[in-house]
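Notes for the one structure printed next.
Rule-based calculations on the coordinates, nothing more; no lab input. Small disclaimer: the values here were computed from a predicted structure and weren't measured. Reconstructed Cβ throughout: ideal geometry from the backbone, glycine too, with neighbour counts over all protein chains shown.
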Amino acid sequence: MNATGSTPITSPFSLIAELTHRCPLHCLYCSNPLALQGAENELSTADWKRVFAQAGRLGVLHLHLTGGEPLVRGDLVELVSAARDSGLYVNMITSGVGLKEDRLSALVDAGLEHLQLSFQDQDEAAANHVAGARAHALKLALVPIIRKFPLALTVNLVVHRMNLDRLPEFIAMAEEMGPDRLEIAHVQYYGWALKNRSLLMPSEEQVHRSIAVVEAAKQRLKGRIHLESVVPDYFGSFPKACVGGWGRQTILIDPIGQALPCHAAAVIPNLVFDNVRRQDLAWIWQESPAFQRFRGDAWMSATCLACPRKEHDFGGCRCQAFLLTGDAEAIDPVCTYSPHHSLLQTLRGQTPELLPIWRG
Amino acid sequence: MDMNSIPALAPGCRLHPTQDVLLVPEGTLQLGGPTRDVLARVDGAHSVTAIVDQLLLEYEGADATEVRTDVLELLAGLEQRGVVRAQR
């Protein structure tokens, strides 16, 4: 696939393990695909242990246990332990719903190193509205329990049109929790979130103000809380280097064992995902056609081929290009050089939708 | 961070057993030069002074003032990044 400048494939940096699609929350901005996998088809404990061992040998450094809600898996402690034995750094992304101190203690003893807890708003009613569940108070109550353990805590604030005007208060709430890291992440319009795009997409003016708020917080919290922010989709002049470039840094395994280059890759037509039930992870990384599909630059438009930015953004996000233009090889429309760039201006100018669609 | 501080790695941060990287939440920090030797001695029990003394034993002939300055600078930078904490 690498027609020009055939670069050797280095080890993936991270493995995202979607242990299950089951989840107690029904977030409006859920990034999981529209069609969820049922519990009956999920990988077994032995499957995941084998995958973690293969990942360690492949040189993967970071493991992200996610879902759905990873706590739903009864074998989570065993999985964390196996991952650490395989040499992986273990992070868990959780809603926290249902997590009790004794289970957290067992997870930390097994080797859990980093926990990521997301919040939907600083206003309880608004937060529960977005999550489609009464989760806010449970999350708040969990923080002091988490802080008893030698575990890094990232608080993730998910922002969008409905809460962006309250960002200073939202950050103040997070600051009070004393996390090690704070992530301020704009909703990305993939999976279920795309259904609610018109409801969630902020105005230009909101985005503009939020950038200043985030920058001020970064300076203020320096040395105390490490702050990272994810810029909103659709507002830049140049695209993001999505997942660090297709098939360059990340492998995602979904609950039934399919290996994907990113969360959203299943939206792209005619991609076939190899399965860890049948293939070794190293083979998948090197050979799987889905991972090869947008490696290198052979697929790129003449515009991207000639552009020096291709070394930084790798042509932008393929899923976004497909979702907005119907062509997965198109220039990411976020790019100012895309013939479809005006699409985003149109979307930004639209009257926002007011009715939410929760996931079932 | 000063010479009397007792530095410790922040929760969720550890040296990779074989590669020259510090594993931190959501990332890695590349460890150039003698950084790994310094961080290997950051254990929440020894002061910066004690760490420098250990390093001077190891690096025979190194300039003590220079090592002190470099170690302090390195640890202060990592403290700003949130991956090392100074305790007293």
Handout entry: Meets criteria (part of a loop (DSSP other than H, G, I, E, B), touching a residue at least 24 places away in the same chain (Cβ under 8 Å), surrounded by fewer than 18 Cβ atoms within 10 Å (Cβ to Cβ) and more than 14 Å from every other protein chain (Cβ to nearest Cβ)) for B:ASP43
Key = no
Problem - helices (runs of 4 or more DSSP H) lying entirely in the range A:167-244 (those with 3 or more residues that are within 14 Å of chain B (Cβ to nearest Cβ)) - result: A:204-221
Exercise for the section: Report yes if A:LEU138 is in a helix (DSSP H, G or I), away from chain B (no Cβ under 14 Å) and in contact with a Gly (Cβ under 6 Å, 6 or more places away or on another chain), otherwise no. Expected result: no
Practice task
Please state which of the following conditions B:LEU23 fails to meet, knowing it meets all the rest: (1) more than 10 Å from chain A (Cβ to nearest Cβ); (2) touching a Phe, Trp or Tyr at 6+ places or on another chain (Cβ under 6 Å).
Solution key: (1)
Problem - Residues of the range A:148-166 satisfying the condition of being within 14 Å of another protein chain (Cβ to nearest Cβ) and either part of a loop (DSSP other than H, G, I, E, B) or acidic (Asp, Glu) (or both) - result: A:LYS148, A:PHE149, A:PRO150, A:LEU151
Problem - Residue in the range A:66-73 that is assigned to a helix (DSSP H, G or I) and within 18 Å of the chain's Cα centre (by Cα) present - result: yes
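Conditions tested, residue by residue: (1) more than 14 Å from chain A (Cβ to nearest Cβ); (2) assigned to a loop (DSSP other than H, G, I, E, B); (3) of a type in the set (A, V, I, L, M).
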site: B:ALA8; (1), (2), (3): no, no, yes
site: B:THR18; (1), (2), (3): no, yes, no
site: B:ALA50; (1), (2), (3): yes, no, yes
site: B:ASP70; (1), (2), (3): yes, no, no
Problem - A:GLY315 being surrounded by 19 or more Cβ atoms within 10 Å (Cβ to Cβ) and not hydroxyl-bearing (Ser, Thr, Tyr) - result: yes
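A quick yes/no check of all residues on (1) over 28 Å from A:ARG309 (Cα atoms); (2) touching a residue at least 24 places away in the same chain (Cβ under 8 Å); (3) buried (at least 16 other Cβ atoms within 10 Å of the Cβ):
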position	(1), (2), (3)
A:PHE149	yes, yes, yes
A:GLU169	yes, yes, no
A:ALA212	no, no, no
A:GLU215	no, no, no
A:ILE253	yes, yes, yes
Fill in the blank from the handout: So, first residue within 14 Å of chain B (Cβ to nearest Cβ) in the range A:67-90, second residue crowded, with 22+ Cβ neighbours inside 10 Å and charged (D, E, K, R), Cβ within less than 7 Å, six or more apart or across chains; the pairs are A:TYR89/A:GLU113; A:VAL90/A:GLU113
Practice task
Filter the helices (runs of 4 or more DSSP H) completely within the range A:255-360 down to those with at least 1 residues that are without any contact (Cβ under 8 Å) to a residue 12 or more places away in the chain and not charged (D, E, K, R).
Solution key: A:281-287, A:302-305, A:342-349
Exercise for the section: Might you let me know whether the range A:130-137 holds any residue that is aliphatic (A, V, I, L, M), surrounded by 17 or more Cβ atoms within 10 Å (Cβ to Cβ) and within 18 Å of the chain's Cα centre (by Cα)? Expected result: yes
